[in-house]
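These notes are about the structure you will find just below.
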Amino acid sequence: MHTIPPSLPQADLILCGAAEVLTCVATGSDPIGADPIGRQAGASIAVAGERILAVGAPIEIARQVDATHARVIDVTGKIVAPGFVDPHTHLVFGGSRVEEYAARMTRSAAEVRALGIPSGIQATVEMTRHATLDELTESAAARLARMFRHGTTTVESKSGYALTAAGELTMLRVNRRLREIQPVDVVSTFLGAHDFPADQPRDRYLDSLIQEVIPQAAEAGLAEFCDVYCDEGYYTVAETRRILEAGIAAGLKPKIHVDAYADIGGSALAAELPVVSADHLNYTSRAAMRAYAEAGVVGVVMPGLDFAVRHPRPFDARAMFAEGMNLALATDLCPGCWLESMQWVMQLACRQYAFSPEEALLASTVGAAQALGLADRGALAPGKLADIQVWDLPSFEDVIYRLGNNAVTMVVKRGKIYFM
Ligand code: ZN
């Protein structure tokens, strides 16, 4: 009979028997032996509390942790990956724009408007302003529950559909409420500068954002990031600078919607500040991509949005990789792109934007976490959050092969088991 040395850390949970664990921690260095996603065949994962204790061969785990009181989950034959991080969503909104989306299948935007169908951001602003905090919370929580079921364990969520001081703060309070009532981590972003309200002079709204709403949101701890929609017809580069600098002064980290429909110079500002992430990037120049790579700005690209709006200029991921950029994938879940599955985002990224399956996985996990400034997740390694998804697939590559499939059979979020 052997005794376990008392110094070994106690595991609460062991996942064992996986066909493959995708740690998303790069291993090896030579061109043939290098593995960017750190595949480990037959590895086990030990979890204590909210964190990962150890990842490795079962015999190694047995040496490293005390599993006497651990719950052991057999994941034989399954693929195990870090929970997805979805770093760009407009999760909170009132109503739906299904009527507009369906009409747009066969008609132009102008034709749809001529039919009197409420369209665009302003239509959602109307619906959001008429919804209560409880109603907004309920509809967002339902979407979030489905995202969780698809393996997403951290979501960024932006305001931006109220476009009034009080309404924007309400949207941020919904983010806070969501954190309290369900398990997915919600990172809150203030996007009062999503558009200009139709019922207020442009300058007055801009001043209220800078002087009133940003300081209040920061003071109340309602947001971690400040974002601006910098594009033709939206916020100018000068306006964007004022807002993001006000955010930085208040303690909010900067993000930007940029180059989605035109290159108005927003990327130069974004690399100069620098922002934590620059999102969309359809019209971004090679020089701006280089500047982003040098400044360590994560590029967030959203294949589902390009698909949903049938974008005339899909982003150029290969050019971004060639210039050395770190990329993240996101759903851009919003009323114009009702997309809750990061698996489907990976499928689009691979087939339509020439991501390799490995690049798509990294951009949906560790890269996406970096787009939110989070170093504690997106990879399966000791000390990281135990945010883990289990796929019922015969190989890793099946996740980008089986289109529209949901492979998730189990999720571990902060050490707790769901959907088993
Ligand atoms: Zn967006």
- Given a cut-off of under 8 Å on Cα pairs at least six residues apart, what relative contact order in percent is computed for region 84-370? 18
- Item | Cα convex hull volume per residue for the chain (Å³) | 146
- Message: For region 385-405 and region 230-279, what is the centre-to-centre distance using only Cα atoms, to the nearest Å?
- Response: 35
- For an R0 of 51 angstrom, estimate the FRET efficiency from the Cβ-Cβ distance between Ala354 and Glu111 and round to the nearest 0.05. 0.90
- Task: Which order do the peptides 273-281, 141-149, 8-16 take when ranked by the mean count of other beta-carbon atoms within 10 Å per residue, highest first?
- Result: 273-281, 8-16, 141-149
- Item | Angle in degrees between helix 237-250 and the longest Cα principal axis of the chain, rounded to the nearest 10 | 50
- Task: Once you have the Kirkwood Rh of region 298-420 from its Cα pairs, apply Stokes-Einstein at 4 °C and 1.567 mPa s and quote D in µm²/s.
- Result: 85
- May I ask you to work out the translational diffusion coefficient for region 212-369 at 4 °C, viscosity 1.567 mPa s, via Stokes-Einstein with Rh from the Kirkwood sum over Cα pairs, reported in whole µm²/s? 82
- Listed pairs Lys253/Lys413; Lys253/Lys416; Lys384/Lys416; Lys158/Lys384; Lys78/Lys413; Lys255/Lys416 exceeding 23 Å between Cα atoms: Lys253/Lys413; Lys253/Lys416; Lys158/Lys384; Lys255/Lys416
- Quick one: check the C-alpha center-to-center distance for region 95-122 versus region 22-90, whole angstrom. 45
- Message: If you average the C-alpha positions of region 160-197 and of region 281-359 separately, how far apart do those two centres end up, in angstrom?
- Response: 24
- Query: Stretch Asp392-Ile32 to full length: gain in nm at 0.36 nm per residue minus the Cα-Cα span?
  - Reply: 126.8 nm
- Give me the percent of DSSP beta bridges within region 84-370 that run antiparallel, rounded to the nearest 5. 5
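Each reported figure results from applying straightforward, stated rules to the coordinates on display, with no laboratory input. Computed from a prediction, not measured in an experiment: that's the story for all the values here. Glycine gets a Cβ as well: all are built from the backbone with ideal geometry, and neighbour counts include every protein chain shown.
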